[in-house]
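Before any comments, here is the structure.
All of the numbers you see were taken from the coordinates with simple rules; none came from a lab. The structure presented is a predicted model; accordingly, all values stated were derived computationally and were not measured. Because the Cβ atoms are built from the backbone with ideal geometry, glycine has one as well, and the counts that use them run over all protein chains shown.
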Amino acid sequence: MASSRRDAIISPASSPTEPIRSPKDFLIFGAPLIRDEEKREVLDCLETGWLGTGPKVAQLEREFRDYKAAQYAVAVNSCTAALHLSMLAAGIGPGDEVITTALTFCATVNAIIHAGAKPVLVDVDPATFNIDPREVESKITYRTKAILPVHFAGRACDMDALVSIAQRHGLMIMEDCAHAVETTYRGKQAGTFGSFGCFSFYVTKNMITGEGGMILTPDERHADRLKMLALHGMSKDAWRRFSDSGYKHYYVVECGFKYNMMDIQAAIGIHQLRRIQQNWERRQEIWAIYQREFAGLPLVLPEPPDEGTRHAYHLYTVLIDPKRTNLPRDQFIEDMTTENIGVGVHYQSIPVHPYYQERFGWRPEDYPHSLRIGQQTVSLPLSPKLTDHDVSDVVRAVRKVLCH
Ligand SMILES: Cc1ncc(COP(=O)(O)O)c(C=O)c1O
């Protein structure tokens, strides 16, 4: 909740001709908050010479696994890699279908394609922006192997419904948790509902390592295979190359990938994870300020978090409906940029992209909620790095752009 300290932070509008911020003070969307602890830990890597995969990666795996109350955690160099390897470890390949949402980042869909399988899209619920379980069931065929929900913006999907569908049809659940490090659903951690939970530590995410990712799994055999696939397909023993006990022979048992995380990346992640709650509280506070300050504007604001869930507050998205605002979404983006405030779009719907249209014959209008959200959505800055002054500038800029 917004504290009373913040009730009066919104200062009066500047002159209508002056931008809210100066160009040299451009507010970067999704700028990470990095403190001295991260810098010292990275410096330690540089000084010891242990830059690649080593003890800090192992430490991050243990600490992330414990934070998420999961059985096994395997660090990789992106969520894209995490999703791709999860597909392979699940045995998903040519001839198989994986059901996912039409409103997501392209990596979710690309990972399915990279595994040789066919993505099958489902439209979203217009209120939550999450995959609509009622539509999932109608897309299941004898080829379907898995459901891949994305906890959009950090809001938990309807996991009761999805798990029940998966159980009834003998399907796997693989969660895209790129937005959902802190997300829980009825007390259970996002990323632990099915066979694999895939996380992103990309620079704009709630917890960052620059580039980076993590896979959670309850199955030791899956964890072993993921590790092997992440490092060229070299046998488990190959990881001992990264210990200080001297050279060890290794054997390639599969044609794997170069998806391992570096200690330099883990050095950042270890301290990001320690401050995960603190950063979450700050984003929750900014979210509440936006909800309060924008309440009277002609915007569609995000729904409050669903009961029995913990929202990760990864993205604060508003919808610009030109019928209400007299302003197309892209003009809003341009005007915010003129005010020197960075914004984002998460996302244009997957079927609008030419590659998918050509390859799968998808038509955007077949996924009407995703299409409309993709045309109207704008994400406003929500980084814990934002000062009260920054938040005030965002609010003033939104008001200025909408009420000009
Ligand atoms: C929903 C979703 N899935 C997957 C990814 C891919 O993450 P990464 O950049 O770590 O590969 C992202 C990143 O933006 C994302 O937002």
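In terms of distances greater than 31 angstrom between alpha carbons, the cross-link table entries K145/K227; K56/K118; K39/K68; K118/K258 yield K56/K118. Full extension of the chain between R274 and F29 gives 85.9 nm of extra length, using 0.36 nm per residue less the Cα-Cα distance.
Taking 0.36 nm per residue of separation and subtracting the current Cα-Cα distance, fully stretching the chain between L327 and Q71 would add 87.2 nm. Straight-line cross-link partners of K24 among the lysines, defined as a Cα under 22 Å from its Cα and at least 8 positions apart when in the same chain: K385, K400. Simple spin-label estimate for A127 and E47 gives 5.5 nm between the two label positions (7 Å along the Cα-to-Cβ direction from each Cα). Here the sum of -39500 (n - 2.57) over DSSP H runs of 4 or more residues, divided by the residues of the chain, equals -11000 deg cm²/dmol at 222 nm, to the nearest 500. Partners of K188 within straight-line reach, counting aspartates and glutamates whose Cα lies under 15 Å from its Cα and excluding those fewer than 8 residues away in the same chain: D66, D158, D160, E175, D306, E307.
For the chain, the relative contact order comes to 24 percent (Cα pairs under 8 Å, sequence separation of at least 6). Using R₀ = 35 Å, calculate the FRET efficiency as 1/(1 + (r/R₀)^6) where r is the Cβ-Cβ separation of H169 and L301; round to 0.05. After rounding, the FRET efficiency stands at 0.45.
Taking other C-beta atoms within 10 angstrom as a stand-in for reagent exposure, K385, K227 fall in the order K385, K227, fewest first. Quick one: of the DSSP bridges fully inside the chain, what percent are antiparallel, nearest 5? Taking every DSSP beta bridge within the chain, about 60 percent pair in antiparallel fashion. For the chain, the alpha carbon positions stretch 69, 54, 38 Å along the principal axes, listed from largest to smallest.
In whole angstrom, segment 311-404 maps to an equivalent ellipsoid with semi-axes of 28, 16, 11, each derived as √(5λ) from the alpha carbon gyration tensor and ordered largest first. Peptides 136-148, 75-87 ranked from most to least packed, by the mean per-residue count of other Cβ atoms within 10 Å: 75-87, 136-148. At full extension, E63 and R134 could sit 21.9 nm farther apart than now, given 0.36 nm per residue minus the alpha carbon distance.
Taking a ≥ b ≥ c as the square roots of the eigenvalues of the Cα gyration tensor, segment 40-91 is classed as oblate, since a/c reaches at least 1.5 and a/b does not exceed b/c.
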